[in-house]
Amino acid sequence: MDKFLQFDRMITPTIIKVLFWIGVALSILSGLSMIITGTGQYGGGFAVLTGLLTIVLGPLLVRVYCELLMVFFKMHESLKNIEERLAAGSRPFDNRPS
């Protein structure tokens, strides 16, 4: 609990995972909505095609966006690890020759 209150433990990566699933659901629902709208009107082939592309590419784009956000948190974890090693007096890269 102390790490949570001191902002040493990040909760945003968990929130990003939840937002990913929400984004996937919204992409699929909007794609289905476009397909249904397109089939109900004359000349709606473009709407159907756009709906299919949204169902396929939407979750992929949401995943890429979420991964880019997660990169910042992975960098933060790595920097905290390096900081802890330096504070403990060890070299950050112990596998290098002296």
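What follows is calculated from the coordinates using simple rules that are stated; it is not laboratory data. Not measured: the values here are computed from a predicted model. No Cβ is skipped: glycine too gets one built from the backbone with ideal geometry, and neighbour counts run over all protein chains shown.
Largest first and in whole Å, the equivalent-ellipsoid semi-axes of the chain read 47, 16, 6, each the square root of five times a Cα gyration tensor eigenvalue. When the charge dipole of segment 2-84 is built from unit charges on Cβ atoms (+1 for Lys and Arg, -1 for Asp and Glu) and taken about the Cα centre, the candidate among Leu60, Gln41, Ile16 whose Cα reaches farthest toward its positive end is Gln41.
Note on segment 2-84: with charges restricted to the Cβ of Lys and Arg (+1) and Asp and Glu (-1), its dipole about the Cα centre is near 240 debye. Scanning the chain for chymotrypsin sites (Phe, Trp or Tyr not before Pro) in DSSP loops with at most 12 neighbouring Cβ atoms within 10 Å leaves 43-92 as the longest stretch between them. Which angle from 0 to 90°, rounded to the nearest 10, does the C-alpha axis of helix 45-87 make with the longest principal axis of the chain? Roughly 10 degrees between the two axes.
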